[in-house]
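Worksheet: one structure, shown below.
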Amino acid sequence: MASSAIKSGALVTLAELHSSSPFFKDGTSLRVTGKLQDYSVETAIATVADGSAILKVDTQHLRDLSFRVGSMYQFIGELCIHPDNEPILQARVGRNVDGLDLNLYHQSLQLLRQFQTDHMNNQSNNLKQS
Amino acid sequence: MNKSLQTTHVKLLAFDLLSLNPTSDPTTFSRSATLLLSRAEILGTVTFRDYKPNKFLKFTVDDGTGLVPCVLWLNHLTSPYFSRRDPASVRVVANVATDFASQIKIGAVARVRGRIASYRGDVQITVSDVVIEKDPNAEVLHCLDCLRLARKCYDVVAVRNCK
């Protein structure tokens, strides 16, 4: 796969992955974080949870990653929306993130989005002025 | 434009780095038309790896705001560029680069420092230093560092010195 074919996985919380979310699109590249609730060795499907929100993750392409229920994991991949509107992330990268401060992660995500919005506004203002 | 950070490895988020503009000097890039930069430090997850032994390792670093293409040169022992340098020093540099290349694996979280460069019109990093991060909070802390530095330093450095 050429690097140009790969997209950055947008940072999202599992709670944001509802059907009216802008991230809820087939093929969208996402990075999700959650606690492993269930893992099937037969199907390589992992179920991760963050609070009451859950997401299924297809881990068949991941190597050298062991799954332990109750541990925290982060996955980067593409969202696939099934005909019954159920999303599943086709993971291409995964890692154990036990020890991640989830509250800090959520807060930094809000600050990051505010910064990106301000940055884009500043750039468009600079363009208008030049 | 302000040149005070031109020799510093500035911590940048990927979307910020990728929005830098080239200048007439190919080694220098401008941020928001106020700040000149030549070096950067990024941190993120390695999501792509293209290894050509004794030539280069190309890889991408994804920090959730963008995907930064990086190139780590591995041609020190064959490139004429290094032929006039002390062979022992070149071997050391080559060994360090080979060691960095072995650490860059898909899924690893890497802190990468290097020169900001342009390849086919896109910004990339020519790698000089790699550290693999084991702390699961490293990306969050780097992100917060970048936000603080951008607001308190990079965005205001044009009007006063960075402290």
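The values are calculated or read from the model by the stated rules, or taken from the named source; none is laboratory data. Keep in mind it's a predicted model, so treat the numbers as computed, not measured. We place every Cβ from the backbone using ideal geometry, glycine too, and count neighbours over all the protein chains shown. Surface accessibility is based on the protein's heavy atoms, side chains included, excluding ligands, DNA and RNA. Shrake-Rupley method; radii C 1.70, N 1.55, O 1.52, S 1.80 Å.
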Within the stretch B:31-55, residues within 13 Å of chain A (Cβ to nearest Cβ), free of Cβ contacts under 8 Å to residues at least 60 places away in the same chain and surrounded by fewer than 18 Cβ atoms within 10 Å (Cβ to Cβ) come out as B:A33, B:R49, B:D50, B:Y51
Looking across the stretch B:9-26 at residues that are more than 8 Å from every other protein chain (Cβ to nearest Cβ) and not hydrophobic (A, V, I, L, M, F, W, C), the single one that is farthest from B:R111 (Cα to Cα) is B:S24
Return yes or no: is B:R111 in contact with a strand residue (DSSP E or B) (Cβ under 6 Å, 6 or more places away or on another chain), open to solvent by 50 Å² or more (accessible area, probe 1.4 Å) and outside any loop (DSSP other than H, G, I, E, B)?
yes
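Does B:D62 qualify as being open to solvent by less than 20 Å² (accessible area, probe 1.4 Å) and among the acidic types (D, E)?
Working: open to solvent by less than 20 Å² (accessible area, probe 1.4 Å): yes; among the acidic types (D, E): yes.
The answer is yes for B:D62.
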Quickly run through the stretch A:102-120 and pick out the residues that are more than 10 Å from every other protein chain (Cβ to nearest Cβ) and either of a type in the set (S, T, Y) or surrounded by 20 or more Cβ atoms within 10 Å (Cβ to Cβ) (or both).
A:T117
Breaking point among (1) in contact with a Leu (Cβ under 9 Å, 6 or more places away or on another chain); (2) open to solvent by less than 10 Å² (accessible area, probe 1.4 Å), for A:V97:
(1)
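If the requirement is being small (G, A, S) and either open to solvent by 40 Å² or more (accessible area, probe 1.4 Å) or closer than 19 Å to B:L5 by Cβ (or both), which of these qualifies: B:S79, B:S118? Don't jump to the end; show me each part of the working.
Numbers: B:S79 fails: either open to solvent by 40 Å² or more (accessible area, probe 1.4 Å) or closer than 19 Å to B:L5 by Cβ (or both).
The unique qualifying residue is B:S118.
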Going through the stretch B:123-141 in order, the residues found to be more than 14 Å from the chain's Cα centre (by Cα) and open to solvent by less than 30 Å² (accessible area, probe 1.4 Å) are B:P136, B:N137, B:A138, B:E139, B:V140
Condition first: touching a Leu at 6+ places or on another chain (Cβ under 9 Å), under 30 Å from B:D155 (Cα atoms) and of a type in the set (S, T, Y). Can you find one or more residues in the stretch A:53-69 that meet it?
no
Residues that are buried (at least 17 other Cβ atoms within 10 Å of the Cβ) and touching a residue at least 60 places away in the same chain (Cβ under 8 Å), drawn from the stretch A:8-33:
A:G9, A:L11, A:T13, A:L17, A:F24, A:T33
Take B:R148 and decide whether it is assigned to a strand (DSSP E or B), open to solvent by 70 Å² or more (accessible area, probe 1.4 Å) and either within 22 Å of B:L13 (Cβ to Cβ) or facing another protein chain (nearest Cβ under 10 Å) (or both).
no
Please state which one of B:T65, B:T60 is at the interface with another protein chain (Cβ under 8 Å from one of its Cβ atoms), of a type in the set (S, T, N, Q) and free of Cβ contacts under 8 Å to residues at least 24 places away in the same chain.
B:T60
